[in-house]
Amino acid sequence: MAKFKEALERGKKAHRQQGEDANAPMADFGTQARAWLNDVVVAALEAAKAEVAGEMTIDVDTASHRRVKELTPSLRFQIYGKPGLKKSARRAFTVNVQLSGEVSVSSPGMVTEDVGNIGDRSAERFRNLVAKLIEDAAKSMC
């Protein structure tokens, strides 16, 4: 009989805890998405920019993701060769955050690539994609 009473008490305690958790302030989706763009995307692009600074340019349009009222924020960046080299075709990319939290990168003429979720703080998939994009840009310069 004590077993059932304990189960009842655990259920009541869980219900109270759930009510307390619901009252806790939670960051809205846009704030979480913008934080992910800053922490993961901008950080990875800045690291790549510093690493290839002598031969390639990576421009990050940070103003595009600072629009506070956007429900699904995005960020734009460009990769191109340094002026004066053989070819310096600019490729523009957009990082989009979907309502589901999924993040993708797209560009005209490119199949959209999924690079993660704002719930996952790892930047590995995005960094791997940026490395691939830099490699593709370098191939087109030759």
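Every number here is computed from the coordinates shown, using simple stated rules; none is lab data. It should be emphasised that the depicted structure is a prediction, and the values quoted were computed from it without experimental measurement. Here Cβ is always computed from backbone atoms with ideal geometry, including for glycine, and neighbour counts include all displayed protein chains.
Overview of values
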read-out: By average C-beta atoms within 10 angstrom, highest first, the peptides 121-134, 30-43; value: 30-43, 121-134
read-out: Note, ³J(HN,Hα) from phi for segment 106-120, Karplus 6.51, -1.76, 1.60, rounded to Hz, x at Gly and Pro; value: 9, 7, x, x, 10, 6, 4, 10, 7, 10, x, 9, 5, x, 9
read-out: Difference of contour (0.36 nm per residue) and Cα-Cα distance, ASN128 to LYS5; value: 38.9 nm
read-out: Segment 28-141 - percent relative contact order, Cα under 8 Å, separation 6 or more; value: 24 percent
